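Heads up, the thing below is written out as C-alpha cells.
The values are calculated or read from the model by the stated rules, or taken from the named source; none is laboratory data. All of these numbers come straight from a predicted model, not from anything done at the bench. Because the Cβ atoms are built from the backbone with ideal geometry, glycine has one as well, and the counts that use them run over all protein chains shown. Accessible surface is based on the protein model in full, side chains and every heavy atom, while ligands, DNA and RNA are left aside. Shrake-Rupley method; radii C 1.70, N 1.55, O 1.52, S 1.80 Å.
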Amino acid sequence: QVQLAESGGGLGQPGGSLRLSCAASEMPLFNLYAMGWYRQFPGKERELVARILDQGITNSGDSVQGRFTISRDNAKASVFLQMNNLNPEDTAVYYCHLENSDYWGQGTQVTVSS
C-alpha cells in the first residue's frame, strides 16, 4: 500500500521560507507518477498548491505562483515544496497527494505568523 509522509511544516515568519518534504513508500515506479501538494483552510475544501508531472513539468495555483516551487527527487521517491515569501494567508494544513488516486499524506500544519 502506498504511503506518503510529509515533514517540514511548522511556524514560519511573514516574508520567510519553509520547505516541505513528502517521502513516498511502496511506490517502486515513483518516477512515472504525477505528484501534488494541496492545502486546506479551516472549513474549506482542499485546493491545489502545485503539481509536478512525471516529466518534471509543473503547474501551480495563482495564489502561490512566483513564491512556491515544487520539485521531485525520483531516486529518493520524494517531492518537495519550497515556500518563499510566506504570508499569513498561507496558513493551512498541507497535504501530499499521488495524483489520480485516493492516496494522501497525513498532512502537515503550516502557520505563518509574527
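A few remarks follow.
- Restriction of the GluC sites (Glu not before Pro) in segment 1-68 to DSSP coil positions whose beta-carbon has at most 15 other beta-carbons within 10 angstrom yields 26, 45.
- Here the relative contact order of the chain, from alpha carbon pairs under 8 Å that lie six or more residues apart, stands at 37 percent.
- Close amide H pairs (under 5 Å, H built 1.01 Å from N) link residue 61 with 50, residues at least 5 positions away or on another chain.
- The phi-based Karplus calculation (6.51 cos²θ - 1.76 cosθ + 1.60; θ = phi - 60°) puts the 3J(HN,Hα) values of segment 58-66 at 10, 8, 8, x, 4, 6, 10, 4, x Hz, whole numbers, x for Gly and Pro.
- If both residues of a DSSP beta bridge must be in the chain, then about 90% of such bridges are antiparallel.
- Globularity ratio of segment 6-90, using Cα Rg and 2.2 N^0.38 Å: 1.10
- Karplus-derived HN-Hα couplings along segment 70-77 (A = 6.51, B = -1.76, C = 1.60, θ = phi - 60°), whole Hz, x at Gly and Pro: 9, 8, 9, 10, 5, 5, 9, 6
- Averaged over its residues, the chain has an accessible area of 53 Å² per residue, based on protein heavy atoms and a 1.4 Å probe.
- Of the accessible area of segment 29-114, computed with a 1.4 Å probe over protein heavy atoms only, carbon and sulfur atoms account for 46 percent.
- Scalar couplings 3J(HN,Hα) for segment 18-29, obtained by applying the Karplus form with A = 6.51, B = -1.76, C = 1.60 to θ = phi - 60°, are 9, 10, 9, 10, 9, 9, 9, 10, 6, 9, x, 10 Hz; x denotes Gly and Pro.
- Cα gyration tensor category, rounded, prolate or oblate, for segment 63-110 with a/c compared to 1.5: oblate
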